[in-house]
1. Could you work out what % of the accessible surface of region 245-306 is carbon and sulfur, using a 1.4 angstrom probe and leaving DNA, RNA and ligands out of the count?
2. So which lysines pass the test for K204, namely a Cα distance under 25 Å, with those fewer than 8 places away in the same chain ruled out?
3. With θ set to phi - 60° and the Karplus curve 6.51 cos²θ - 1.76 cosθ + 1.60, what are the ³J(HN,Hα) couplings of region 184-199 in order, to the nearest whole Hz, using x for Gly and Pro?
4. Only bridges whose two residues both fall in the chain count here: according to DSSP, what percent of them are antiparallel, nearest 5?
5. Roughly how many Å² of C329 are accessible to a 1.4 Å probe, to the nearest 10?
6. Nearest 500 deg cm²/dmol is fine: what mean residue ellipticity at 222 nm does the chain get from its DSSP H runs of n ≥ 4 alone, each adding -39,500 (n - 2.57), divided by its residue count?
7. Pick from H270, H31, H310: which is most flexible by mean-square fluctuation in a GNM of the chain where alpha carbon atoms under 10 Å apart are linked?
8. Averaged per residue, what accessible surface does the chain expose to a 1.4 Å probe, in Å²?
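The values are calculated or read from the model by the stated rules, or taken from the named source; none is laboratory data. Computed from a prediction, not measured in an experiment: that's the story for all the values here. Cβ atoms come from the backbone with ideal geometry, glycine included; neighbour counts cover every protein chain shown. Note: accessible area is taken over every heavy atom of the protein model, side chains too, but ligands, DNA and RNA are not part of it. Shrake-Rupley method; radii C 1.70, N 1.55, O 1.52, S 1.80 Å.
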Amino acid sequence: MDINKSNSEFAMPQEIISILKRQKYQIVGHHSAVKKCYWLHKALTDRIFCYKCYFYGIESHRCIQMSPALLWCWHKCLHCWRFHVDEVGVTIDEYKLPTVDDPKFIVEESIKAQRRIISGYKKHPKVDIKMWEEACNPKHVAISLVGDATLYPRLGELIEEYHRRGITTFLVTRGVRPDVLARIPEPSQLYISVDAPNKELYMKLNRPLVPRAWELLMKTIELLPSFTNPTVMRITLLRGYNMSESHIREFAKLIEKAQPTYVEPKAYMHVGYSTKRLPRDSMPTHKEVLEFAIKLAKEIGYNVLSDVPHSRVVLLSRLEKPIRIGEGCKGKLPRSFEVN
């Protein structure tokens with residue numbers, strides 16, 4: 001779909017369209033989008049991959065980064081890199097999509113958008129033509145990017161359609177729609193973002209728009225053990241907010257309830273619109289993330305499996321090694337730590 005079409009065709013104000021155009025989003029239908037991931041570029045040009053490649057085998061150059069709910073989220077997290085609509089002087093109904101596009105259309109157009117994004121790399125002097133050809137046929141989709149995908153009413157059908165095409169799915173959500181998660185077909189891997197271990201900090205850091213959001217998240221935490229696919233509790237760490245010894249103990253209690261396959265402590269990155277809300281020193285070093293992760297692992301009885309310094313992320317699990325969903329980054333897991 002042409003990004004310069006009228007507002008009504010997108011159900012988004014022109015001011016938003018202009019911002020998205022400058023930020024290189026590929027708009028899909030009325031409410032979805034694809035955007036080039038930093039790691040897609042680094043994989044093609046420098047053979048440096050996203051941590052998901054090292055942990056789970058996901059080939060970064062064959063991964064679509066998309067959202068079926070581009071502007072719609074029930075949170076205004078301080079550390080979110082996206083813009084909040086009120087920050088650009090625009091008002092929309094952020095609680096509900098204005099229209100609902102067909103999942104098959106979204107999947108087809110998201111693949112086309114990815115091919116448009118990588119088309120210019122074919123003659124790039126640093127790009128291997130075989131890798132470029134592989135990139136033209138995506139094998140994975142990260143349903144994350146911006147917004148919260150669980151606000152798209154046909155999310156289950158979207159996941160099924162990607163799977164029918166042989167594309168694995170990583171679904172990322174803030175967990176305030178346990179009703180949706182309880183009824184959709186399982187994605188290849190499910191991420192629940194839990195950045196605050198108690199309600200008081202949750203209200204301050206995640207700034208939910210809906211009442212009882214914390215209680216809804218807790219229902220999702222209780223639901224998580226029922227999933228048969230790999231599950232992840234993602235903890236975005238912010239210096240001065242959620243990294244104390246008491247926070248570690250509180251996170252441990254939530255993890256005990258959720259029983260996720262993995263826990264991923266990961267540094268907040270000082271990028272995008274978050275730079276207008278938080279100082280740069282809110283971003284912890286990899287060493288700080290690793291120290292937090294090792295302490296948390298001891299508290300919950302998980303193993304420290306791996307860490308990727310360039311992404312400032314650590315992988316914890318009760319497994320001896322992670323489940324490989326893709327074929328990328330074969331070999332031993334990165335390991336720069338020492339567990340005492």
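1. Details: 1360 of 2720 Å².
Carbon and sulfur atoms account for 50 percent of the accessible area of region 245-306.
2. K76, K96, K219, K253, K257, K266, K276, K295
3. 7, x, 5, x, 4, 8, 10, 9, 10, 7, 10, 9, 10, x, 8, 5
4. On the way: 14 of 36 bridges.
Taking every DSSP beta bridge within the chain, about 40 percent pair in antiparallel fashion.
5. Its accessible surface works out to 30 Å², give or take rounding.
6. Working: 12 runs with 112 residues, N = 340.
Estimated from H runs of four or more residues: -9500 deg cm²/dmol.
7. For the chain, modelled as a Gaussian network with Cα springs under 10 Å, the answer is H310.
8. Working: 14610 Å² over 340 residues.
Accessible area per residue, the chain: 43 Å².
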